[in-house]
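Inspection log for the structure reproduced underneath, given as structure tokens.
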Amino acid sequence: MLWGLPLKYSTIADAYEEIERTTKRLEMTDLLVNLLKSTSREVIDKVAYLTQGRIYPDFVGIEIGVAEKLAVKALVRVSGRRDVDIEEELKKTGDLGETAEKFVAAKKQVTFFQQPLTVQRVYETLDKMAKASGSGAVDLKLSLLAGLLAAASPKEAKYIMRTVTGNLRLGIADMTVLDALAIAYGGGKEARGQVERAYTICSDLGRVAKTIAEEGLEGIGKFRVSISEPIRPMLAERLSSPEEILEKLGGKCMAEYKYDGERLQAHKKGNTVKLFSRRLEDISSQYPDAVELFKKHVKAEDAILECECVAVDLDTGEMRPFQELMHRRRKYEIERAIDDYPVSLFVFEVLYVDGRDLTLESYPVRRGILERIVEESDRVKLANGALVSAPAELEKFFMEAIENGCEGLVCKSISSDSVYQAGARGWLWIKYKRDYKSEMTDTVDLVVVGAFHGRGKRAGTYGALLLAAYTSERDTFETVTKCGTGFTDEDLGKLPKMMHDHVVPHKHSRVDSMLEADVWFEPALVIEVLGAEMTLSPIHTCAMGSVRKGRGLAIRFPRFTGNYRFDKAAEDATTSAEVLEIYRNQLKRIGQS
């Protein structure tokens, strides 16, 4: 390892190209290990961020922010070609990176005695672009980007352009990077658990990379929960009968209302409060009223709490649909949005209080502390919960939750080892949800991984979307249905634009599909779907072989509910294991074996 020597940007461009060529996760990991081992500790955090396609963690809220039109202008300046030539080529490739590679290779002016680009220079330039503000910001970004492209090789130009426009498309998940860090600096993949724990409580991949490179696992062991560094949220499994839930949770559990709102993680330090979405974005500016509610009603100097933020009718106290809450996701006219879509907070977790990390404490301990530090009011309440130990009790409380406008229940373990599993989906929390309007027990949240061209009235847009469930064990997305029903004309008109930045030239490396889509996407958009029933399928890969050899599971007669789950990352979608559970419960209901 050549510590201290500048790392050429061409080194990571070469690695990215190799990674892009493979669809095998083990090969990707090996390529990442080689890249990380050749990276000096001075820039390893920057390499980690760049490999994520960003220059800071999500929660910092600093993005490079280069629109496609501005990127094209920079390429015009560097290549000496007309913008119409570049735009025409872009229509052919659909990839600004490939277009930049072609035009930089053929540029008319050749710069002699050019110094090779380093990772440090690329990162610092992107940082200046991201922080540019004021009346001259656009011109400064244009100048900085053009300077990078002028100094870049064709291959470097491809990945620079993809990075600045937010379309790196490597197919690498954060967990793959953690595997590579464990192998490269932690002594082997067996160290992955420690590395992942550090990442799930700080959500900063660059910081984790730099720490393990400089201090090894000893440094990783020093990571602690900290205010203003969001913790990756704990997720729940799903079952659809009270008997199964109680059996799984040892015969007794705390059942809490599952509210139809947006999950927020609040970080309070003195009189300052930051709110993070489940995707770890700082959305404090969208909920200034929620910020004030936390300041007033949390009786601790420093605290990290989780809540469901729910749209409410202040006149009646009734909860309103999740879709109405999405009107709060705006940059302008926030005061009007506060008046039109007021919110209430239902607090259900505390993860840190006044210097004490509570993530490794049991749920009963956390709940007790939560009850002491939250002062309830009409708009701030603890999640309604009940200790239950009988199926009839659980079913009764479930019906009460439905009648009160909730989606169902989250049933939580109260055992001594009921810790907060940051970033993990496990059986300590189990969702109990049902939809009585369908033979399927519930709606599912699926990831758009492909599309098929429309015909007739749908010519020029997508006729159907290929949807997939997530498999955490393999970190892949397994297809479960094609969906073309439930989309309005407005949906059909905006889908190609919505998905444009996620188009990839071939099946994404994390997508497991036997079908050949007309258009492939990186897993990003999550939509809510309701179907008639689950069935065995020879062509869909979801839970393949779990019920019968050579058969996966598919959703029959799927319908888009109209709900885009922008609040969910692809990895938060319904899992293949949950789909399998839905199928098995369906068989029980209709008396089949």
**Study point:** the range 149-209-the range 4-66 distance, computed between alpha-carbon centres (Å)
**Key:** 5 Å
Review point. If you line up the long axis of helix 154-164 against the longest principal axis of the chain, both from Cα atoms, how many degrees apart are they, to the nearest 10?
Key: 40 degrees
Check your understanding: In the structure shown, do any of K131/K189; K131/K274; K102/K128; K91/K457 have a Cα-Cα gap over 29 Å, and if so which?
Key -> K131/K189
Study note, to complete from the structure: With a Förster distance of 25 angstrom and the Cβ-Cβ distance between K497 and S285, calculated FRET efficiency to the nearest 0.05 equals 0.50
Point to revise | Qualifying chymotrypsin sites (Phe, Trp or Tyr not before Pro) in the range 323-361, DSSP loop, other Cβ atoms within 10 Å at most 16 | key: Y332
Exercise for review: Compute the Cα gyration tensor for the range 68-164, then decide on rounded, prolate or oblate, letting a ≥ b ≥ c be the square roots of its eigenvalues: rounded whenever a/c is under 1.5, prolate when a/b is larger than b/c in the other cases, and oblate in all that remain.
Suggested key: oblate
Revision key, fill the gap. Cross-link reach from K158 to aspartates and glutamates, straight Cα distance under 13 Å and at least 8 residues apart if same chain, gives D14, E17, E20, D95, E98, E101
**Study point:** the chain, relative contact order in percent, only Cα pairs under 8 angstrom and at least six apart counted
**Key:** 12 percent
**Study point:** Peptide ranges 336-345, 538-547 listed from the most packed, as the mean C-beta count within 10 angstrom indicates
**Key:** 538-547, 336-345
Practice item. Pull out a ≥ b ≥ c, the square roots of the eigenvalues of the alpha-carbon gyration tensor of the range 499-587, then state rounded if a/c is under 1.5, prolate if not and a/b is larger than b/c, and oblate in the remaining case. Key: oblate
Review point. Do any GluC sites (Glu not before Pro) in the range 353-439 lie in a DSSP loop with no more than 10 other beta carbon atoms within 10 Å, and if so, which?
Key: E375
Check your understanding: Along the Cα-to-Cβ line of E393, 7 Å from the Cα, sits a label point; which residues in the range 230-260 have backbone N less than 14 Å from it?
Key -> 243, 246-247, 249-256
Review point. Can you put R232, R320 in order, fewest other beta carbons within 10 Å first?
Key: R320, R232
**Study point:** Long-range HN-HN contacts of S537 with modeled amide H, under 5 Å
**Key:** G552, L553, A554
Exercise for review: Report the far tail of the P(r) of the chain, meaning the percent of Cα-Cα pairs longer than 40 Å.
Suggested key: 29 percent
Review point. Pairing the Cα long axis of helix 119-131 with the longest principal axis of the chain, what angle in degrees results, from 0 to 90 and rounded to the nearest 10?
Key: 60 degrees
Revision key, fill the gap. Computed, not fitted: 222 nm per-residue ellipticity of the chain from DSSP H runs ≥ 4 (each -39500 (n - 2.57)), nearest 500, equal to -11500 deg cm²/dmol
Point to revise | R0 of 25 Å, Cβ-Cβ distance E473-K189: FRET efficiency to nearest 0.05 | key: 0.95
Review point. Order of W520, W429 from fewest to most other C-beta atoms within 10 Å?
Key: W520, W429
Exercise for review: Between the alpha-carbon centers of the range 330-403 and the range 212-266, tell me the distance in whole angstrom.
Suggested key: 14 Å
Practice item. Could you list Y564, Y259 in order of exposure, starting from the residue whose Cβ has the fewest other Cβ atoms within 10 Å? Key: Y564, Y259
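Sorted by mean Cβ packing within 10 Å, highest first, what order do the peptides 302-308, 576-582 take?
Listed from highest to lowest mean packing, they are 302-308, 576-582.
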**Study point:** Calculated FRET value between I539 and E88, using beta carbons and R₀ = 35 Å, to 0.05
**Key:** 0.40
**Study point:** Loop sites in the range 1-99: trypsin sites (Lys or Arg not before Pro), DSSP, at most 14 other Cβ within 10 Å
**Key:** K24, R82
Review point. In terms of Cα to Cα distance under 23 Å, which lysines are near enough to K412, apart from those fewer than 8 places away along the same chain?
Key: K248, K252, K258, K381, K396, K431, K433, K568
**Study point:** Degrees between helix 137-151 axis and first principal axis of the chain (Cα, 0 to 90, nearest 10)
**Key:** 60 degrees
Study note, to complete from the structure: Karplus ³J(HN,Hα) for the range 413-419 (6.51 cos²θ - 1.76 cosθ + 1.60, θ = phi - 60°; Hz, whole; x = Gly/Pro) runs 5, 10, 6, 5, 9, 7, 6
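Every read-out reported here was derived from the displayed coordinates using simple, explicitly stated rules and does not represent laboratory data. Nothing here was measured: the structure is a model prediction, and the numbers come from that model. Note: ideal-geometry Cβ built from the backbone for every residue, glycine included; neighbour counts use all protein chains shown.
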